[in-house]
Amino acid sequence: MMLELDHIFKDYIQGKMTVPVLKDVTLHVDKGEYVAIMGPSGSGKTTLMNIIGCLDVPTSGSYTLNGNDLLHHKDKEMSRIRNRSIGFVFQSFNLLPRQSALDNVALPLLYAGVPGKERRERAVRALQKVGLEDRMNFKPTQLSGGQKQRVAIARAIVGEPDLLLADEPTGALDSASGRQVMELFEQLNKEGMTVIMITHDSEIAAHAKRTVLIRDGILTGAGSAAGALADGSQEREVSV
Ligand SMILES: Nc1ncnc2c1ncn2[C@@H]1O[C@H](COP(=O)(O)OP(=O)(O)OP(=O)(O)O)[C@@H](O)[C@H]1O
Ligand SMILES: [Mg+2]
């Protein structure tokens, strides 16, 4: 098992109030899986993604990634594991506006201490993979939304992570660009990449091989996306 979250609780402290957000979430993901986490706004998807991505820690529960018990690491080790093992894709791309596509993609390698020539070669290869080698000298403002997201995907995969983690990757895109992003994810998954994608859109979730539903901080069901679509009651439940 690549990723094991067991009995995860997450509370936020808001003044004198404790707000429970994740309530006993257990999720196991095997290497090579493609999982969609689906649920309505406010259900705890981003909170869960931040924990999976080692950007935040749960209030209680256990989390192991590739056999590493993550919750007993120091911040520095956490960020090392995160940088080495996980590629992130966000709804809002999060590209540096004054840097070229190539420099944006190469940036994680700079942090990892990869020498300049190799950085450039690997960034070019990642851009080729997403079909944007002809845009490598363009800045984000000179790219369409779909192209920006493909640059962000190239940046996410350039360090050859074990896990690709995406939070609403098509949320800011028109349907044609969204389809391109889904095709890329499917291709990467076919090549062996483990993918976890967060979405509130059942059509997007249907691209994954397995969908889990989260509602009010509780993981309510696991099954195939096709099953969720075929079963009207289940679809109604998550499309609130
Ligand atoms: N830093 C925080 N402090 C207090 N409460 C928070 C914090 N972050 C999130 N929450 C609360 O946790 C709940 C879940 O938020 P989260 O961002 O995980 O939802 P989501 O499922 O990603 O929603 P969306 O689809 O709108 O992105 C919300 O009720 C939110 O108010
Ligand atoms: Mg969210």
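List of remarks:
- Meets criteria (in a loop (DSSP other than H, G, I, E, B) and at pLDDT 95 or above) for R98: yes
- Whenever a residue of the range 184-200 is more than 17 Å from G171 (Cα to Cα), its partners that are away from ligand 1 (no atom under 16 Å from the Cβ) and among the small types (G, A, S), lying with C-beta atoms within less than 7 angstrom and at least six residues away or across chains, give the pairs G192/G32; T194/G32.
- Scanning the range 58-77 for residues that are outside any loop (DSSP other than H, G, I, E, B) and either near ligand 1 (Cβ under 10 Å from one of its atoms) or surrounded by fewer than 17 Cβ atoms within 10 Å (Cβ to Cβ) (or both) yields S60, S62, T64, N68, D69, L71, H72, D75, K76, E77.
- For the condition away from ligand 1 (no atom under 12 Å from the Cβ), of a type in the set (K, R), under 30 Å from Q147 (Cβ atoms) and outside any helix (DSSP H, G or I), R119 does not qualify.
- Some residue of the range 19-38 being over 20 Å from the mean Cα position of the chain (by Cα), more than 21 Å from M197 (Cα to Cα) and assigned to a strand (DSSP E or B): yes
Here's the yes/no breakdown for (1) touching a residue at least 24 places away in the same chain (Cβ under 8 Å); (2) more than 16 Å from ligand 2 (Cβ to nearest atom):
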| site | (1), (2) |
| --- | --- |
| S60 | yes, yes |
| T64 | yes, yes |
| D69 | no, yes |
| M78 | yes, yes |
| R84 | yes, yes |
| N94 | yes, no |
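- Matching option when the condition is within 13 Å of ligand 1 (Cβ to nearest atom), of a type in the set (A, V, I, L, M) and touching a helix residue (DSSP H, G or I) at 6+ places or on another chain (Cβ under 7 Å), among I37, I52: I37
- Single condition L55 does not satisfy, out of (1) touching a residue at least 60 places away in the same chain (Cβ under 8 Å); (2) within 16 Å of ligand 2 (Cβ to nearest atom); (3) outside any strand (DSSP E or B): (1)
- Sole residue being modelled with pLDDT of 95 or more, of a type in the set (D, E, K, R) and over 26 Å from M2 (Cβ atoms), chosen from R120, R125, R150: R120
- Qualifying residue in the range 75-88 (condition: within 13 Å of the chain's Cα centre (by Cα), under 25 Å from E183 (Cα atoms) and of a type in the set (A, V, I, L, M, F, W, C)): yes
- Taken together, the criteria exclude K23 from residues that are within 16 Å of ligand 2 (Cβ to nearest atom) and either touching a strand residue (DSSP E or B) at 6+ places or on another chain (Cβ under 6 Å) or closer than 14 Å to I8 by Cα (or both).
- Meeting the requirement of 1 or more residues that are surrounded by fewer than 19 Cβ atoms within 10 Å (Cβ to Cβ) and at pLDDT 95 or above, the helices (runs of 4 or more DSSP H) wholly within the range 155-240 are 175-190.
- Any chance P40 is modelled with pLDDT of 95 or more and either under 28 Å from T170 (Cβ atoms) or away from ligand 2 (no atom under 16 Å from the Cβ) (or both): no
- Exactly one residue out of V105, V124, V114 is part of a helix (DSSP H, G or I) and over 17 Å from the mean Cα position of the chain (by Cα), and it is V124.
The values are calculated or read from the model by the stated rules, or taken from the named source; none is laboratory data. What you are looking at is a predicted structure, and each value in this text was computed from that prediction instead of being measured. All Cβ positions, even for glycine, are placed from backbone atoms using ideal geometry, and neighbour counts span all protein chains on display.
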